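Before we start, here is the structure in question, set down as structure tokens.
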Amino acid sequence: LTLEGFAVFVPNVRGSTGYGLAYTKRVDRDWGGQDMLDHVHAMTQVLPSDDLVDTARAGVVGRSYGGYMSLMLASRFPDLWRGAVDMFGPYDLITFSERIPATWKPLFAITIGDPENEKDREFLVERSPRTRIEEITAPLLVIQGQNDPRVVEQESHDLVEHLRGIGKDVEYMVFEDEGHDVLKLGNRVRCYDGIVRFFSDHLS
């Protein structure tokens with residue numbers, strides 16, 4: 001993206017690694033909370049003062065948890081973005097919790113909530129991109145590995161079908177021989193060329 005002339009901002013929001021375990025765990029039981037507001041603070045309070053950055057032509061992209069965050073930001077702060085890319089991010093935290101590998105479920109019950117618990121379930125619904133996804137206004141590119149065991153393809157499929165069903169602008173790239181990432185060289189070329197093309201079309 002930088003080689004194509006884009007300014008790229010990569011924040012270390014709450015929940016990021018590299019600042020100790022306590023900082024990393026600040027996202028526990030708060031997915032889409034203070035960490036999301038860190039992004040919003042950057043977009044509204046920090047970056048506008050940088051003459052090298054045009055925040056009126058901004059896009060958001062993330063992979064895995066970052067894909068979830070991209071969906072949250074694009075739907076809950078739609079005025080900030082002219083394009084969004086979700087790379088295999090959870091769309092509905094209830095179905096995501098049900099679809100992850102069984103060995104992961106005890107951990108995720110602790111870190112985001114247990115869908116079998118009524119209070120936790122209410123939180124998971126409130127913090128799911130799905131709950132307010134219809135508010136998205138920016139075009140969306142969704143990228144997914146067909147064999148993903150963590151965020152299964154059905155999550156992204158449900159997202160795409162929902163948005164297309166209400167007339168939203170959505171592109172969908174599925175890599176049939178990838179899991180929870182895009183790793184094979186040919187696929188990586190196609191994937192990242194696609195992201196550059198998408199942002200070139202919508203941010204220029």
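Would you mention how many residues in the range 51-98 are over 20 Å from SER200 (Cβ atoms) and either in contact with a strand residue (DSSP E or B) (Cβ under 8 Å, 6 or more places away or on another chain) or of a type in the set (S, T, N, Q) (or both)? Show your work before the answer.
Start the filter on the range 51-98 by keeping residues that are over 20 Å from SER200 (Cβ atoms), which leaves 51, 64-69, 71-73, 75-79, 88-98.
Now narrow it down to the ones that are either in contact with a strand residue (DSSP E or B) (Cβ under 8 Å, 6 or more places away or on another chain) or of a type in the set (S, T, N, Q) (or both): 64, 66-69, 71, 73, 75, 88-89, 95, 97.
Qualifying residue count for the region: 12.
What are the residues in the range 1-40 that are out of contact with any Leu (no Cβ under 7 Å at 6 or more places or on another chain), closer than 27 Å to HIS202 by Cβ, among the small types (Gly, Ala, Ser) and open to solvent by 30 Å² or more (accessible area, probe 1.4 Å), if any?
GLY5
Residues of the range 99-124 being over 18 Å from HIS180 (Cα atoms), of a type in the set (A, V, I, L, M) and not in a helix (DSSP H, G or I), which ones?
Scanning the range 99-124 gives a single hit, ILE112.
Among the residues of the range 68-77, is there at least one that is in contact (Cβ under 8 Å) with a residue 60 or more places away in the chain and either exposed (fewer than 14 other Cβ atoms within 10 Å of the Cβ) or assigned to a loop (DSSP other than H, G, I, E, B) (or both)?
Kept after step one, since they are in contact (Cβ under 8 Å) with a residue 60 or more places away in the chain, are these residues of the range 68-77: 68, 71, 74-75.
From what is left, the residues that are either exposed (fewer than 14 other Cβ atoms within 10 Å of the Cβ) or assigned to a loop (DSSP other than H, G, I, E, B) (or both) are none.
So far as the range 68-77 goes, no, none of its residues is in contact (Cβ under 8 Å) with a residue 60 or more places away in the chain and either exposed (fewer than 14 other Cβ atoms within 10 Å of the Cβ) or assigned to a loop (DSSP other than H, G, I, E, B) (or both).
Right, next: Exactly one of (1) without any contact (Cβ under 8 Å) to a residue 40 or more places away in the chain; (2) part of a helix (DSSP H, G or I) is unmet by PHE96. Its number?
Of everything listed in (1) without any contact (Cβ under 8 Å) to a residue 40 or more places away in the chain; (2) part of a helix (DSSP H, G or I), PHE96 misses just condition (1).
Out of the residues in the range 136-167 that are in a helix (DSSP H, G or I) and either of a type in the set (Phe, Trp, Tyr) or open to solvent by 80 Å² or more (accessible area, probe 1.4 Å) (or both), state the one that is farthest from ARG57 (Cα to Cα). Let's see the steps before the verdict.
In the first step, residues of the range 136-167 are kept if they are in a helix (DSSP H, G or I); the result is 153-165.
Filter once more, keeping what is either of a type in the set (Phe, Trp, Tyr) or open to solvent by 80 Å² or more (accessible area, probe 1.4 Å) (or both): 161, 164.
Values: GLU161: 27, ARG164: 24 Å.
Result: GLU161.
Among the residues of the range 125-135, what is the count of those that are among the polar types (S, T, N, Q), under 14 Å from GLY66 (Cα atoms) and part of a helix (DSSP H, G or I)?
Within the range 125-135, the subset among the polar types (S, T, N, Q) is 128, 131.
The next check asks that each one be under 14 Å from GLY66 (Cα atoms); those that pass are 128.
From the residues that got through so far, the ones that are part of a helix (DSSP H, G or I) too are none.
Residues meeting the conditions: 0.
VAL196 - would you say it is in contact with a helix residue (DSSP H, G or I) (Cβ under 8 Å, 6 or more places away or on another chain), open to solvent by less than 80 Å² (accessible area, probe 1.4 Å), assigned to a helix (DSSP H, G or I) and touching a residue at least 12 places away in the same chain (Cβ under 8 Å)?
Taking the combined requirement at face value, the residue satisfies it.
The values are calculated or read from the model by the stated rules, or taken from the named source; none is laboratory data. Quick caveat, the model's predicted, so the values are computed rather than measured. Note: ideal-geometry Cβ built from the backbone for every residue, glycine included; neighbour counts use all protein chains shown. Keep in mind that these areas ignore ligands, DNA and RNA; they rest on the heavy atoms of the full protein, side chains included. Shrake-Rupley method; radii C 1.70, N 1.55, O 1.52, S 1.80 Å.
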